Every structure is written in structure tokens, then in C-alpha cells.
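As C-alpha cells, the structure follows; a few thoughts come after it.
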Amino acid sequence: MTRKDDERPEVLFGLHPVVAALEAGKRTIDRVLVARESGGHNLGRLLRAARAAGVPVTHLPREILARKTGSHAVHQGVAALVAPVGYADADELCAATALEAAGLLVALDGVADPRNLGAVIRTAAAAGAHGILLGTEETVGITPAVAKTAAGALECIPIARESKLGRRLEGLKSRGFRVVALDPRSDRPWDAEVYRGRIVVVAGGEGRGLRRGLLEVADARVALPLARGVESLNVSVAVAAVLYEVVRQRRRPEKSEIPVRRLERP
């Protein structure tokens with residue numbers, strides 16, 4: 001992977017994100033930065049990965065590393081100068097997922113907190129989703145803070161930007177996808193939905209939730225139960241609950257697939 005001359009490198013920080021970027025080999029990495037006081041078994045894995053990728057490693061004082069990553073960054077003594085993550089092409093991502101009989105996409109609208117986005121990316125990758133569609137209105141993009149929270153999952157799942165998310169969802173429906181929206185006002189439980197076939201799980205951001213236009217596109221609206229006094233769940237927690245209901249159902253054979261035991265006469 002090459003980087004354009006005018007494309008400035010960004011600082012990726014945290015042990016797991018840096019190791020994942022080195023091992024995946026999808027991004028150009030100029031240099032790995034390690035605080036001199038760092039050590040341990042995990043650092044050995046980092047250094048081996050850098051050596052295998054041919055990436056130079058610079059050891060420097062921890063305070064200088066902190067200045068490069070930002071004073072509030074939890075860098076764990078490790079950072080890297082990397083090319084920014086490239087977004088996938090939305091058309092190509094959707095076309096490729098439509099070829100899967102059990103294609104699974106996550107679409108996010110208005111998620112502004114990088115930690116929430118990073119957590120969703122990590123969960124979606126762990127649950128086997130084929131990709132993530134990010135709306136552009138009030139939705140954070142891929143930043144070093146997102147990468148840190150995703151803990152290496154950015155290297156495992158394609159992410160595309162989509163400026164016209166409602167139209168994209170309509171197009172996916174025409175390809176055989178069922179659009180399931182997370183809506184706390186719905187009276188349909190999250191586990192009452194059948195998540196077979198091609199599915200798009202759609203969630204809104206902190207505060208406002210999904211816009212009305214996107215809710216109207218959905219084939220189903222589902223909600224998670226909340227105890228009295230709790231108004232809402234963090235979007236990353238809600239998405240995780242639904243995605244793992246998808247995983248649970250798909251690991252369980254359909255009724256027609258369950259073998260019937262016949263009683264034999266004595």
C-alpha cells in the first residue's frame with residue numbers, strides 16, 4: 001500500500017492497534033515509536049512484527065512520546081506513524097456483501113463519540129459483520145482515538161462513508177437485505193426478530209437516535225428492555241446486544257434443520 005505525497009501520516013497509539021496494523025500490512029507504516037521504559041512479553045511481539053514488516057523502531061523518552069500522541073492519549077508506551085485508514089468504496093462493499101447468503105452490515109448515523117464508534121467497530125468485527133456504513137451527518141470518522149478503542153479491529157473490517165444513507169438502505173432492500181433499526185420507542189423486543197438471510201443493523205447516535213427518515217426505511221424496529229429509571233443504553237452496547245443475537249440465531253439450526261427422533265415400537 002502506498003501513500004500519496006500530500007497525505008500526512010497520523011499517529012496511531014496503543015499496543016494492540018499498532019501490533020494489528022503491523023501484522024495486517026494494509027497500511028503504510030513509517031516508523032514505530034516505543035518509550036524507553038516500556039517492556040514485557042507483549043512488547044516482544046510488537047518488535048517482532050515491526051522487524052517482519054521492515055518498519056524501523058525508535059526508542060524515545062516517555063514524555064516525548066506523550067507529546068506526539070497528545071496529553072490525554074492512553075498510549076501504553078507505543079505509537080506509530082501511519083498512513084490514514086482508507087475508507088472502503090460503499091458500492092463495492094454493498095455489492096460484495098449482497099453475494100453472501102447471510103450478509104451482515106452495520107449502518108451508523110449521527111454517532112459523534114469516537115469511543116462509541118471504536119467499540120461498535122470492534123464488536124462488528126468480532127461478530128463477523130461484513131462491513132460498516134458510516135453516515136456523514138454528525139458522524140465521526142476514523143480517528144486515532146477510534147483506532148485505539150477498536151483495539152486492532154480497524155484492520156479486520158471494511159468501513160465506508162455514505163452521504164445518502166437512506167437511499168443506500170433502500171438499495172440494499174432491493175438486493176434482499178432486511179433493515180432492522182434500533183429504536184428505544186419500539187415495543188418489539190430485539191430477540192423477537194428473525195435474523196436469517198441478509199441483514200443491516202441500523203443505529204443512531206448519542207441523544208437523538210435515528211432520524212425519522214431512516215426509521216421509515218426500516219423493515220423492523222426493535223428495542224432492548226430497560227429497567228425503570230434507565231432512559232437509554234450506550235449505542236455501542238445496544239448494537240453489541242443485537243449483533244450477538246444475530247450470531248446466536250445463526251449458530252442455532254432452523255426448525256426444519258433439527259433432526260426429528262422417531263419413536264420405535266418395542
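The values are calculated or read from the model by the stated rules, or taken from the named source; none is laboratory data. Being a predicted model, the structure only gives us computed values, none of them experimental. Please note: Cβ atoms are built from the backbone with ideal geometry, for glycine as well, and neighbour counts cover all protein chains shown.
One residue is enough: does region 166-180 have a residue meeting the conditions closer than 30 Å to residue 23 by Cα and either hydroxyl-bearing (Ser, Thr, Tyr) or loosely packed, with under 13 Cβ neighbours inside 10 Å (or both)? No: region 166-180 contains no residue that is closer than 30 Å to residue 23 by Cα and either hydroxyl-bearing (Ser, Thr, Tyr) or loosely packed, with under 13 Cβ neighbours inside 10 Å (or both).
If the condition is being out of contact with any Lys or Arg (no Cβ under 8 Å at 6 or more places or on another chain), among the charged types (D, E, K, R) and farther than 30 Å from residue 167 by Cα, then region 48-94 contributes 48, 51, 63, 67, 68. Scanning region 29-56 for residues that are at pLDDT below 85 and either part of a helix (DSSP H, G or I) or over 15 Å from residue 13 (Cβ atoms) (or both) turns up 36, 37, 39, 40, 41, 42, 43.
Among the strands (runs of 3 or more DSSP E) confined to region 57-111, the ones with at least 3 residues that are without any contact (Cβ under 8 Å) to a residue 60 or more places away in the chain and either outside the structural domain of residue 131 (by TED's automatic domain parsing) or under 15 Å from the mean Cα position of the chain (by Cα) (or both) are located at 57-60. Considering region 197-226, the residues that are part of a loop (DSSP other than H, G, I, E, B) and surrounded by 13 or more Cβ atoms within 10 Å (Cβ to Cβ) include one that is nearest to the chain's Cα centre (by Cα), namely 206.
So is residue 132 farther than 30 Å from residue 83 by Cβ and either in contact with a strand residue (DSSP E or B) (Cβ under 7 Å, 6 or more places away or on another chain) or modelled with pLDDT under 95 (or both) or not? So residue 132 does not fit the description; no.
Scanning region 57-85 for residues that are among the β-branched types (Val, Ile, Thr) and at pLDDT 85 or above turns up 57, 58, 64, 78, 82.
On the stretch given as region 93-115, residues that are at pLDDT below 95 and not acidic (Asp, Glu) total 5. Of everything in region 146-165 that is in contact (Cβ under 8 Å) with a residue 40 or more places away in the chain, assigned to a helix (DSSP H, G or I) and out of contact with any strand residue (DSSP E or B) (no Cβ under 8 Å at 6 or more places or on another chain), the residue that is surrounded by the most Cβ atoms within 10 Å (Cβ to Cβ) is 150.
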